[in-house]
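What follows is a set of notes on a single structure, which appears directly below.
The values are calculated or read from the model by the stated rules, or taken from the named source; none is laboratory data. None of the values given here were measured: they were computed from a predicted structure. Note: ideal-geometry Cβ built from the backbone for every residue, glycine included; neighbour counts use all protein chains shown.
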Amino acid sequence: MHWHDMFNALKDDADFFLIDNPAKEWRREEYLAARPIPDNVTFVPYYEKGKYDFAILNVDQQCINEKLGKSKVVKELNEVIQDIPKVFINHATPVYPEFVCTDGITKPDGEKIVRKMIMDIIGDNVMVVNSYKSVQEWGSGYPIWHGISADEWLPMKKEPRVCTAVSAGGCDEYYNRALMNRVAQKLPEINGHILWWAKKNSSKLYRMGDTYTKRENYQKFLGQSLVYFDGTFRTPMNRGRTEAMLSGCCVVQVEGAHDLERFAEDGKNMIIVPNDVDKIIETIDDLLENRYEEAVEIGKNARATAIKYFNRKQYRESWLKLINEKILCK
Amino acid sequence: MQIDFLTFEHFHGRPDGSTGSSLIRAKWLADKWDEAEMWKVGQKSDVLILQKVYWEQMIDDYKGIKILDLCDPDWLNADVDIVDVMSKVDWITTSTEGLAKYLEPMTKTPITVIPDRLNMDYFGEPREHSERARNVVWFGYYHNAKQVLNSTILQSLKMRGLGLTVVSNDKFEPQNDMGVEITNINYTPENAYMDIKGSDFAINPPSMSKGFRFKSNNKTLISWALGLPVANTADEMDKFLKPEFRNQEIEIRLKEIKKDWVVEKSIKQYKDIIKCIQNNKKVK
């Protein structure tokens, strides 16, 4: 999820106070650089008892790694805030073999370890997850799908190119990066098409800006892209994919991704492919070479689907229901 | 009153105990000071001591007393407007006179020198000496080792039949070791003091680098507290070959530490500073 969506979706319902922290990825400047901050958001240097109704903490599987700044943020805020209900947004799955699978620990056992460590942090607080499949992955949680403004992600006349915004570094297994890398490597071998990968090789295409955080440039870039590729299937409800759907891209998605059965129809609003490099590059290349109109049509359907399922209204209502029924009644 | 130390180590996400200045100038004091704690994200306090942290958003928004503690001029090469930052805090503390003198013309904010001092709870029994010295130790950051452990020093050790132990964050491997047996030990917060204590005395040669004028004497104090004399001259090196002189030196130095170099004195200095700031704020 992106905090920006939460602030805006609940702008008539809540004021948000963001506690400053030094974790690189969660510093104030990161928020400010990513999106305009709405009026209902105030940065504060510390927590003050009696001022707030409940607290929201962000957590992912990397929070078990004490070497990372964000693990300290979660641990310390969890200790400091004791007088009000806390809700944890757990926006990941227990896939972190790079950290836990040492000394012969298998991947399934590694996931059990991560699950236990994260659930120990969360304790009996309310936990929100990003998908229904995540509830299975963690063994509990309240699924809330993200809600993105359709006005911010508009389809444009499509250029015959494929792009992705899947994270370009860290947590390789979680992001199925070996496959992503192989696709990036092999796709050009067929007809010269390149996988434009945000934060990796595509910033030069944004022209007016220099990074992915230049949102307007990225919005335009995505709006003009015919195909969007997502090779992940253990990440819950990638936001980048929904932005691509809203932008009218034809999404090529590896099968098994969270909750696909609830909103995706292969060949109608998305193209679902096996976790197989050759089949994926063949499909993407075929779309770019021979199926332009079909891809545009799938992109149109994708936008309609995203508007139906991933809108701010459903997101706001889900949160208000949770707040009233599970958080404030505690 | 609650006093929080926000350290360089925490701000930069480094592992606990890995940053010498944060340990010496914050953790050691907090452990001995009832009202003080190490800062946590979101924790409210009355006084914030920013140990080499130039977090302008926090400095701007924090409503309590703000003290900026400086122990090296990292801002000379970093993206920090130190004059501006100094103007936004209530008081500045520095580890050395040199640093204070350098900064004084640039700010109206009061500056007090609070030297590096020791929390003796972190040191066990000092080493006792009974044999001729065989090995000396140098400890610190690797980039400093390369500067100060030069051929003259190595030659001097060789002449006296002394080996060299380097406890650092990387291996010291000079092109020419002058025939000195060099043992490298990786610096770990858990074991460093035990590793240092394995030698007979310490050497702490000065660096010619520009930043050295601001260096504190903390390595000398730590060596003494561990029971190791520090040889600064050839004569001292000769003298400390003999165990009786090493024991004699340590007896004197431990008394000196107890009198001048324990963190309780630094805490007293901070308490005086805080009182002064409070009084000034009341007058205003």
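Give the residue, chosen from A:Asp39, A:Asp120, A:Asp103, A:Asp53, that is at pLDDT 95 or above and either farther than 20 Å from A:Ser140 by Cβ or within 13 Å of chain B (Cβ to nearest Cβ) (or both).
None of the other options fit; the residue is A:Asp53.
In this structure, does B:Gly98 turn out to be surrounded by fewer than 22 Cβ atoms within 10 Å (Cβ to Cβ), touching a residue at least 24 places away in the same chain (Cβ under 8 Å) and at positive phi?
So B:Gly98 fails the test.
Here are some residues: B:Ala145, B:Ala100. Which one is within 18 Å of B:Ile49 (Cα to Cα) and in a helix (DSSP H, G or I)?
The unique qualifying residue is B:Ala100.
Could you please find all residues in the range B:229-253 being aliphatic (A, V, I, L, M) and under 11 Å from B:Ala133 (Cα atoms)?
Answer for the range B:229-253, where residues must be aliphatic (A, V, I, L, M) and under 11 Å from B:Ala133 (Cα atoms): B:Met237, B:Leu241.
Output the residues belonging to the range A:12-32 that are in contact with a Lys or Arg (Cβ under 9 Å, 6 or more places away or on another chain) and under 22 Å from A:His91 (Cα atoms).
A:Phe17, A:Leu18, A:Asp20, A:Asn21, A:Pro22, A:Ala23, A:Lys24, A:Glu25, A:Trp26, A:Glu30, listed by residue number.
Looking at the structure I just gave you, is B:Pro115 within 30 Å of B:Cys276 (Cα to Cα) and either in the same structural domain as B:Cys276 (by TED's automatic domain parsing) or crowded, with 17+ Cβ neighbours inside 10 Å (or both)?
yes
Could you check B:Lys271 against (1) surrounded by fewer than 19 Cβ atoms within 10 Å (Cβ to Cβ); (2) in contact with a Cys (Cβ under 9 Å, 6 or more places away or on another chain) and say which number it fails?
(2)
Given the criteria closer than 14 Å to A:Ala165 by Cα and modelled with pLDDT of 95 or more, does A:Gly256 qualify?
Criteria not met by A:Gly256.
Condition check ((1) without any contact (Cβ under 8 Å) to a residue 60 or more places away in the chain; (2) assigned to a strand (DSSP E or B); (3) of a type in the set (Asp, Glu); (4) crowded, with 22+ Cβ neighbours inside 10 Å) across all residues:
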| residue | (1), (2), (3), (4) |
| --- | --- |
| A:Gln219 | no, no, no, no |
| A:Leu222 | no, no, no, yes |
| A:Val227 | no, yes, no, yes |
| A:Arg234 | no, no, no, no |
| A:Met245 | no, no, no, yes |
| A:Gly248 | no, no, no, yes |
| A:Val252 | no, yes, no, yes |
| A:His258 | no, no, no, yes |
| A:Glu261 | yes, no, yes, no |
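All but one of (1) assigned to a loop (DSSP other than H, G, I, E, B); (2) more than 14 Å from chain B (Cβ to nearest Cβ) hold for A:Tyr47, so report the exception by its number.
(2)
Count, please, the residues in the range B:6-63 that happen to be within 11 Å of chain A (Cβ to nearest Cβ), in a loop (DSSP other than H, G, I, E, B) and buried (at least 19 other Cβ atoms within 10 Å of the Cβ).
9
For (1) among the hydroxyl-bearing types (Ser, Thr, Tyr); (2) under 30 Å from A:Asp83 (Cα atoms); (3) under 23 Å from the mean Cα position of the chain (by Cα), each residue gets a yes or a no:
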| position | (1), (2), (3) |
| --- | --- |
| B:Ala30 | no, yes, yes |
| B:Asp46 | no, yes, no |
| B:Ile49 | no, yes, yes |
| B:Gln57 | no, yes, no |
| B:Tyr62 | yes, yes, no |
| B:Lys66 | no, yes, yes |
| B:Asp69 | no, no, yes |
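For the range A:215-269, name all the residues that are farther than 20 Å from A:Ala184 by Cβ, among the charged types (D, E, K, R) and touching a Ser or Thr at 6+ places or on another chain (Cβ under 6 Å).
Hit for the range A:215-269 is A:Asp259, nothing else.
Taking the condition of being surrounded by fewer than 20 Cβ atoms within 10 Å (Cβ to Cβ) and more than 18 Å from A:Thr235 (Cβ to Cβ), how many residues in the range A:109-125 meet it?
11
Could you please let me know if A:Leu287 is at pLDDT below 95 and of a type outside the set (Asp, Glu)?
No: the conditions fail for A:Leu287.
Please indicate, with yes or no, whether at least one residue in the range B:83-91 is at pLDDT 95 or above and either within 9 Å of another protein chain (Cβ to nearest Cβ) or assigned to a strand (DSSP E or B) (or both).
Yes - at least one qualifying residue is present in the range B:83-91.
Is it true that A:Asn90 is in the same structural domain as A:Asn130 (by TED's automatic domain parsing) and touching a strand residue (DSSP E or B) at 6+ places or on another chain (Cβ under 6 Å)?
Spelling it out, A:Asn90 is indeed in the same structural domain as A:Asn130 (by TED's automatic domain parsing) and touching a strand residue (DSSP E or B) at 6+ places or on another chain (Cβ under 6 Å).
Somewhere in the range B:175-189, is a residue in a loop (DSSP other than H, G, I, E, B) and among the charged types (D, E, K, R)?
Among the residues of the range B:175-189, at least one is in a loop (DSSP other than H, G, I, E, B) and among the charged types (D, E, K, R), which makes the answer yes.
Here are A:Glu98, A:Glu29: which of them is part of a helix (DSSP H, G or I), without any contact (Cβ under 8 Å) to a residue 24 or more places away in the chain and either of a type in the set (A, V, I, L, M) or over 14 Å from B:Gly42 (Cβ atoms) (or both)?
Among A:Glu98, A:Glu29, only A:Glu29 is part of a helix (DSSP H, G or I), without any contact (Cβ under 8 Å) to a residue 24 or more places away in the chain and either of a type in the set (A, V, I, L, M) or over 14 Å from B:Gly42 (Cβ atoms) (or both).
Taking the condition free of Cβ contacts under 8 Å to residues at least 60 places away in the same chain, farther than 18 Å from B:Ser21 by Cβ and buried (at least 17 other Cβ atoms within 10 Å of the Cβ), does B:Val137 pass?
Here the answer is no, as B:Val137 does not meet what is asked.
Counting just the residues of the range A:301-330 that are in contact with a Gly (Cβ under 9 Å, 6 or more places away or on another chain) and not in a helix (DSSP H, G or I), which one comes out nearest to A:Asp259 (Cα to Cα)?
Per the stated criteria, the residue is A:Phe310.
Give the range B:221-237 a look and list any residue that's within 27 Å of B:Leu70 (Cβ to Cβ) and either buried (at least 19 other Cβ atoms within 10 Å of the Cβ) or out of contact with any helix residue (DSSP H, G or I) (no Cβ under 9 Å at 6 or more places or on another chain) (or both), or say none.
B:Leu221, B:Ile222, B:Ser223, B:Trp224, B:Ala225, B:Leu226, B:Val230
Determine whether the range A:73-84 contains at least one residue that is of a type in the set (S, T, N, Q), in a loop (DSSP other than H, G, I, E, B), within 14 Å of chain B (Cβ to nearest Cβ) and on the phi < 0 side of the Ramachandran plot.
Yes, because at least one residue in the range A:73-84 is of a type in the set (S, T, N, Q), in a loop (DSSP other than H, G, I, E, B), within 14 Å of chain B (Cβ to nearest Cβ) and on the phi < 0 side of the Ramachandran plot.
Since A:Glu152 meets every condition but one in (1) surrounded by fewer than 17 Cβ atoms within 10 Å (Cβ to Cβ); (2) more than 27 Å from A:Arg215 (Cβ to Cβ); (3) touching a residue at least 60 places away in the same chain (Cβ under 8 Å), which condition does it not meet?
(2)
Exactly one condition in (1) of a type outside the set (Lys, Arg); (2) part of a helix (DSSP H, G or I); (3) not assigned by TED's automatic domain parsing to the domain that holds A:Phe54 is false for A:Ile272; which is it?
(2)
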